[in-house]
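Notes for the one structure printed next.
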Amino acid sequence: MSTIRSATAAALASAVLATTLTGCQFGADEQDTSPIVIAADLELSGAAATAGKAYQRALELKIEQLNSSGALNGRRIELKVKDNRSDPAESLRNIGDFSADSQVSAIIMGGCNECAVGAVRTINEKRIPTIALASSGAVSSPIADRRYVFKLAPNAADSAAALAVEMSRKGVKTAGVLYSDDDYGREGLAALRSEFAKSGVKPPRAESVKTTDTEVGEQVKALTEDEPDALVVWTSPEQAALAATAAQQAKFKGSLFFDAAAAGDLFLGTASRATERATMVFTQTMVIDDVIATTPAKAARRQWFQDYTARFGGYNGSSSFAADAVQLIADAELRAGGEPGRVDRDGIRDVLETSQMDGLSGPIRMTPDNHSGLMPQALTTLVARNGRWRLAG
């Protein structure tokens, strides 16, 4: 071989080796190893602290699972949490801080309806994708004013429809309604009245409670004094337990029905006797240990239930919404693509708006016309038996 040919061959080999070692400089895609930063605005103190802490536990567990799964293409999720103290003004400050942080891909907000609704304008102005775990329809509607806001929680209309079906099945003709004096409570009362009119239940007598009230006895007494067939409780879990105890003390003989917002811990604790045989509309994951895992989705829900219970010694019904929010954001971040190391919030928003998955909470479908993703089919009927919630039937 001539000296010239040998030199040419050596040069070509060196070029191939260099290209192999530095492929990202010669056309190959650079792997993005930057963290996926998710911010969380939660009620860790104040009136709604119990739910907020359950959300935080769920977020941390789900992020730990995803980070160890190998499913993030070499990336990791980091969580930044701020306590809004169950105060809409504090929540708004948190949203402002998070949106100003260029590393944050998206925000998860807790169950505070006023916090989520109050932050809508800022979220849209700052163009930061946000998933709220609050129930009020005003969180995600009207869409034109909430392009960056999404919701993962049962809808009032769906809960009311499911409750009305169950009450009709049980022959209920008269009912009282105890509801929280907030957006979701008032929305629920209107939905119940509409559904009762369809099912033949008389227009209900209704009493409201402030979300911060720790005494509901007077309202329950007023609702049960005429001995209606049923008492519907549309409040937080803590107030629902108080209402059940007050109804027991008032010697109420009718049936108790709870909206999905009343779902808290699997085990009913000190309220177990008062809530015995109460009915609640909620997602199946709350009682997935009663369900045969016949599909991959049900198997995943059972595994989540077992992992959460093993870690924290019990199960909180709302934990699956927080976990699903993490999954949606992580999937949207990976699908949005964009420049490595740079957050594409508009791309994440666009992906979220068309997201579909069989989540831990149930089927979730987002569309450009509907940012409230939990499908009505996710709801089922539960009954309190022997101190815990069970699948009805």
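Take the residues in segment 230-261 that are touching a residue at least 60 places away in the same chain (Cβ under 8 Å), out of contact with any Pro (no Cβ under 8 Å at 6 or more places or on another chain) and open to solvent by 20 Å² or more (accessible area, probe 1.4 Å); name whichever of them is nearest to residue 286 (Cα to Cα).
Per the criteria, the residue is 237.
May I ask you to verify whether residue 83 is under 30 Å from residue 187 (Cα atoms), open to solvent by 30 Å² or more (accessible area, probe 1.4 Å) and touching a Leu at 6+ places or on another chain (Cβ under 6 Å)? Explain how you work it out, then say what you get.
Working: under 30 Å from residue 187 (Cα atoms): yes; open to solvent by 30 Å² or more (accessible area, probe 1.4 Å): yes; touching a Leu at 6+ places or on another chain (Cβ under 6 Å): yes.
Yes.
Quickly run through segment 262-288 and pick out the residues that are in a helix (DSSP H, G or I), of a type outside the set (Ser, Thr, Tyr) and surrounded by fewer than 16 Cβ atoms within 10 Å (Cβ to Cβ). Talk me through it step by step, then tell me what you get.
Narrowing segment 262-288 to residues in a helix (DSSP H, G or I): 262, 269-275, 284-288.
Narrowing further to those that are of a type outside the set (Ser, Thr, Tyr): 262, 269, 271, 273-274, 284, 286-288.
Scanning segment 262-288 gives 269, 273.
Output yes when any residue across segment 335-357 is among the hydroxyl-bearing types (Ser, Thr, Tyr) and buried (at least 24 other Cβ atoms within 10 Å of the Cβ), and no when none is. Don't jump to the end; show me each part of the working.
So the first thing to find is which residues in segment 335-357 are among the hydroxyl-bearing types (Ser, Thr, Tyr), and the list is 354-355.
Filter once more, keeping what is buried (at least 24 other Cβ atoms within 10 Å of the Cβ): none.
No.
Restricting to segment 135-168, and then to whatever is within 18 Å of the chain's Cα centre (by Cα) and of a type in the set (D, E, K, R), can you tell me which residue is farthest from residue 235 (Cα to Cα)?
146
If I go through segment 35-91 residue by residue, how many of them are touching a residue at least 60 places away in the same chain (Cβ under 8 Å) and at positive phi?
Total satisfying the criteria: 1.
Please pick out the residue among 119, 106, 40, 48 that is surrounded by 18 or more Cβ atoms within 10 Å (Cβ to Cβ) and at pLDDT below 95.
Numbers: 119 fails: at pLDDT below 95; 106 fails: at pLDDT below 95; 40 fails: at pLDDT below 95.
So the residue among 119, 106, 40, 48 that is surrounded by 18 or more Cβ atoms within 10 Å (Cβ to Cβ) and at pLDDT below 95 is 48.
If you check 338, 347, which single one turns out to be without any contact (Cβ under 8 Å) to a residue 24 or more places away in the chain, out of contact with any Leu (no Cβ under 6 Å at 6 or more places or on another chain) and either among the aromatic types (Phe, Trp, Tyr) or in a helix (DSSP H, G or I) (or both)?
Numbers: 338 fails: either among the aromatic types (Phe, Trp, Tyr) or in a helix (DSSP H, G or I) (or both).
Of the residues listed, the single one that is without any contact (Cβ under 8 Å) to a residue 24 or more places away in the chain, out of contact with any Leu (no Cβ under 6 Å at 6 or more places or on another chain) and either among the aromatic types (Phe, Trp, Tyr) or in a helix (DSSP H, G or I) (or both) is 347.
Looking only at segment 206-229, count how many residues are within 13 Å of residue 251 (Cα to Cα) and surrounded by fewer than 17 Cβ atoms within 10 Å (Cβ to Cβ).
6
Could you tell me which numbered condition residue 160 fails, if it satisfies all but one of (1) outside any strand (DSSP E or B); (2) open to solvent by 10 Å² or more (accessible area, probe 1.4 Å)?
Checking residue 160 against (1) outside any strand (DSSP E or B); (2) open to solvent by 10 Å² or more (accessible area, probe 1.4 Å), the one that fails is (2).
Is one or more of the residues making up segment 52-70 among the β-branched types (Val, Ile, Thr) and surrounded by fewer than 16 Cβ atoms within 10 Å (Cβ to Cβ)?
Checked segment 52-70: no residue is among the β-branched types (Val, Ile, Thr) and surrounded by fewer than 16 Cβ atoms within 10 Å (Cβ to Cβ).
Working only within segment 26-60, note down all residues that are touching a Phe, Trp or Tyr at 6+ places or on another chain (Cβ under 8 Å) and either of a type in the set (Gly, Ala, Ser) or over 24 Å from residue 236 (Cα atoms) (or both).
39, 40, 58
Could you list, in sequence order, the residues of segment 317-331 that are open to solvent by 10 Å² or more (accessible area, probe 1.4 Å) and touching a residue at least 60 places away in the same chain (Cβ under 8 Å)? Give the steps one after another, and end with the answer.
Filtering segment 317-331 for residues open to solvent by 10 Å² or more (accessible area, probe 1.4 Å) gives 318, 327, 331.
Across segment 317-331, the qualifying residues are 318, 327.
Mind checking which residues of segment 140-176 are over 25 Å from residue 231 (Cβ atoms) and touching a residue at least 40 places away in the same chain (Cβ under 8 Å)?
Going through segment 140-176, the residues over 25 Å from residue 231 (Cβ atoms) turn out to be 140-152.
Passing the criteria: 140, 141, 143, 146, 147, 148, 149, 150, 151, 152.
Among the residues of segment 163-186, count how many are open to solvent by 20 Å² or more (accessible area, probe 1.4 Å) and more than 22 Å from residue 277 (Cβ to Cβ).
Within segment 163-186, residues that are open to solvent by 20 Å² or more (accessible area, probe 1.4 Å) and more than 22 Å from residue 277 (Cβ to Cβ) number 3.
Against the definition (among the aliphatic types (A, V, I, L, M) and either open to solvent by 40 Å² or more (accessible area, probe 1.4 Å) or part of a helix (DSSP H, G or I) (or both)), how does residue 189 come out, yes or no?
Values: among the aliphatic types (A, V, I, L, M): yes; either open to solvent by 40 Å² or more (accessible area, probe 1.4 Å) or part of a helix (DSSP H, G or I) (or both): yes.
When the stated conditions are applied, residue 189 passes them.
Tell me, which residue of segment 358-369 that is in a strand (DSSP E or B) and under 23 Å from residue 301 (Cβ atoms) is most open to solvent (accessible area, probe 1.4 Å)? Please lay out each step first, then the result.
At the first step, the residues of segment 358-369 found to be in a strand (DSSP E or B) are 358, 363-365, 367.
If we keep only those that are under 23 Å from residue 301 (Cβ atoms) too, we end up with 358, 363-365.
Values: 358: 94, 363: 30, 364: 0, 365: 78 Å².
Restricting to residues being in a strand (DSSP E or B) and under 23 Å from residue 301 (Cβ atoms), the top hit is 358.
The values are calculated or read from the model by the stated rules, or taken from the named source; none is laboratory data. Here the structure is a predicted model, which is why all the values come from computation and not from measurement. Glycine gets a Cβ as well: all are built from the backbone with ideal geometry, and neighbour counts include every protein chain shown. Ligands, DNA and RNA are excluded from the accessible area calculation, which covers all protein heavy atoms including side chains. Shrake-Rupley method; radii C 1.70, N 1.55, O 1.52, S 1.80 Å.
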